Amino acid sequence: MDSNAGYMPHSPSQPSPSDDPVMRIHLELIAAGITSHGLHKSETRYLPRIIRPTEHIGGVVYGEAAVGSVMLVATNERIIYLDKKFLFSIMDSISYHVIAGLRLIRQGPFMTVVLHTRIHDFTVKYANATCARNFEHYVATHTKAV
């Protein structure tokens, strides 16, 4: 029996995951460490509307702020602060040029992430610790490059 009997090569007539922006974003979020809980958040479902075709997600952190559930998404072009509610959404696009620092505060199994910019501080409480460390690493490598 051929060991490749069940293997079907990618057909040009079928779209690959990279051709579908929703699937590409989904896969990049998983690579950034998002959990299954995070994949079901309203901010996550809203991302395909705001991520540009040339952007790629390298870090994500989500949790609570004074306004409720929020998300910070680090891409190769910018950092996005997203607060998506049922009837409205608030989005800030943050250039790596205005990043002044990033602080992680351990709180039991969670972390608080504070993104310091020259304009405003963005705080996300009760963030997944793995996502927070991945986000910190990605932001640190991109702010050095700027």
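The values are calculated or read from the model by the stated rules, or taken from the named source; none is laboratory data. Values in this document were obtained by computation on a predicted structure and should not be read as measured data. Glycine also receives a Cβ, built like all others from the backbone with ideal geometry; neighbour counts cover every protein chain displayed. These area figures cover heavy atoms from the full protein model, side chains too; ligands, DNA and RNA do not enter into them. Shrake-Rupley method; radii C 1.70, N 1.55, O 1.52, S 1.80 Å.
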Criterion violated by His142 - all others in (1) modelled with pLDDT of 95 or more; (2) assigned to a helix (DSSP H, G or I) satisfied: (1)
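For (1) touching a helix residue (DSSP H, G or I) at 6+ places or on another chain (Cβ under 9 Å); (2) of a type in the set (Asp, Glu), each residue gets a yes or a no:
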site	(1), (2)
Pro21	yes, no
Leu47	yes, no
Thr54	no, no
Glu64	no, yes
Leu72	yes, no
Ile90	no, no
His97	yes, no
Phe110	yes, no
Arg118	yes, no
Residue within the range 66-79 that is exposed (fewer than 14 other Cβ atoms within 10 Å of the Cβ), closer than 15 Å to Ile94 by Cα and charged (D, E, K, R) present: no
Subset of the range 118-128 that is modelled with pLDDT of 95 or more and out of contact with any Gly (no Cβ under 8 Å at 6 or more places or on another chain) - its residue that is nearest to Tyr62 (Cα to Cα): Thr123
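Quick grid of which residues meet (1) within 17 Å of Ile30 (Cβ to Cβ); (2) of a type outside the set (Val, Ile, Thr):
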{"site": "Thr54", "(1), (2)": "no, no"}
{"site": "Arg106", "(1), (2)": "no, yes"}
{"site": "His116", "(1), (2)": "no, yes"}
{"site": "Thr130", "(1), (2)": "yes, no"}
Complete set of residues in the range 119-128 that are farther than 20 Å from Ala32 by Cα and either basic (Lys, Arg) or part of a loop (DSSP other than H, G, I, E, B) (or both): Ile119, His120
Every residue from the range 106-117 that is under 19 Å from the mean Cα position of the chain (by Cα) and open to solvent by 30 Å² or more (accessible area, probe 1.4 Å): Phe110, His116
Breaking point among (1) over 23 Å from Arg24 (Cβ atoms); (2) open to solvent by 40 Å² or more (accessible area, probe 1.4 Å), for Phe122: (2)
